[in-house]
Amino acid sequence: MGLDGCARGGGTAKVVAARLLDAAAADGYPQGYEYPTWSPTQVKEGNHPPGVGHHPPGVGGHGDDAGGHPPGVGGHPPGVGHHPPGVGHHSPIKDAVYALLSWKRAIYSDPLNITGSWVGDYPCYTDDDRKWVGVFCEVDPETDELVVAGIDLNHGMLAGTLVPELGYLKTVGIFHINSNYFHGSIPNTFRKLRKLTELDVSNNMLSGSFPRVVLRLPSLIYLDIRFNKFYGPLPDDLFDLPLDALFVNNNDFDGFLPSSLGRSPVSVMVVANNKLGGRVPTSIKNMSSTLNEILFLNNQFEGALPGEIGALNQVVVFDIAKNNLLSTLPNSIQNMESLEAFDIAENQFYGDLTAELCNLPNLANVTVVDNYFTGLSPACANLTARGVIFNFGGNCFGGVAGQKDNQTCAEFYQRETLQGGETVVRSQQALHYQ
């Protein structure tokens, strides 16, 4: 029942969420994430459908956009009268070739010579000699044609820009370019990618305000723009997208989270390591039917932790460490029965660390380091005995090593009104510091 043996450090060992913030794993998927119809595994198979063989160079038509053709793309080469299956006038394959070769010209550093394989006018060969590296083809279920269905250039060490011609990749369902050196912005022509389900441009050098073009992608379910240089507010309608996973962490976003947050159907949301402020919207309760993991850490949120978080009974990971929150723990936390990892370190929580939190049945990691808690319920004192990693250093627990000094705790508790207008309800434990 005592505190002996409990962890006193500030380090955490989140079981589920740590990798979501790891730049080196920026191409990973959140736990439980299901691939869309055209998964990376499926599109990498690259097999031709029955009856479709290798296409000779120079054979094919060209794509169009609202009746037009990509600049410089003509019809048949002289003497070639027939197209292989799926390659004809206005062919998505020709559109893709035009888009990719235009992009190739805007890539000025390619130390692995990835785009050196992008030659000819057919990107769907599967043999090593002719395969376009990072380009994956699949049969379009709507047209039964072989098309470019996925771009995966993760960790390619590529430097350059995203060109407007990429809007001709209309059959692409997956666009992954994480961990490269692309700069500039996401072109507005991406609005033409109506089949795009996954967009991952994380860990690059992209910049500008939030790329609103992504709000016009009706099929998008996975959006990852973390580890870039985007700035400004997050748009209200971002949370109306039918996303399953949203990663905007490690940018320079600021402003408040809008009340539309509660309309988001995501299972995973990571907004960590930005400059977002204000209060956590009470509309968060409306995310209860889908939300599993939410990471708010290292922002500038303030005020109380809303009692509405108690509605999040499917949340496994809740992390709002390193903010400016000032409140007691809401009793409603007892309803978060799926909770495994809970981190509120480096805020200004005060009062008792209660059984409502520590009796939750699935806890694996609880971190409350560097707050102003004074009272420790028996259930919390028993966490380590249950096998829960419990980090509680830097609080105001009397008679326990590794806590704040008495003067620091006294100065906090002797203020009748704290920053943000929150009034401290002085507990018997707090009287020790008066």
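Quick note: the coordinates plus some simple rules give every number you see, no bench work behind them. No experiment lies behind these values; they were computed from the predicted model shown. Heads up, the Cβs are rebuilt from the backbone with ideal geometry, glycines too, and the neighbour counts pull from every protein chain shown.
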* To do: Equivalent ellipsoid semi-axes for segment 190-266, as square roots of 5 times the alpha carbon gyration tensor eigenvalues: give them largest first, rounded to whole Å.
  => 18, 16, 11
* Structure fact -> Once Arg105 and Phe256 are pulled to full extension, the length gained, defined as 0.36 nm per residue separation minus their Cα-Cα distance, is 50.4 nm
* Can you give the extra length, in nm with one decimal, that the chain gains between Ala401 and His155 once fully stretched, where that is 0.36 nm per residue apart less the Cα-Cα distance? -> 84.0 nm
* Structure fact -> The long-range amide H neighbours of Phe301, using H built 1.01 Å from N in the peptide plane and a cut-off of under 5 Å, are Asn324
* **Radius, Kirkwood style, for segment 90-225 when every pair of distinct Cα atoms is counted (Å)** => 14.9
* Structure fact -> Hits in segment 230-256: amide N under 14 Å from the 7 Å Cα→Cβ extension of Thr290, namely 237-247
* Among Tyr181, Trp118, Asn154, whose Cα lies farthest out toward the positive end of the dipole of segment 90-225, if unit charges sit on the beta carbon of Lys, Arg (+1) and Asp, Glu (-1)? -> Tyr181
* Asked: Leaving out same-chain residues fewer than 8 places away, which lysines sit with a Cα under 25 Å from that of Lys104?
  -> Lys44, Lys94, Lys131, Lys170, Lys192, Lys195, Lys229
* **Extension gain (nm, one decimal) between Glu142 and Ala355, 0.36 nm per residue minus Cα-Cα** => 71.2 nm
* Asked: Measuring from label point to label point, each 7 Å out along Cα→Cβ, what is the Ser338 to Leu215 span in nm?
  -> 2.9
* Give the distance, in whole Å, between the Cα centre of segment 330-366 and the Cα centre of segment 158-208. => 40
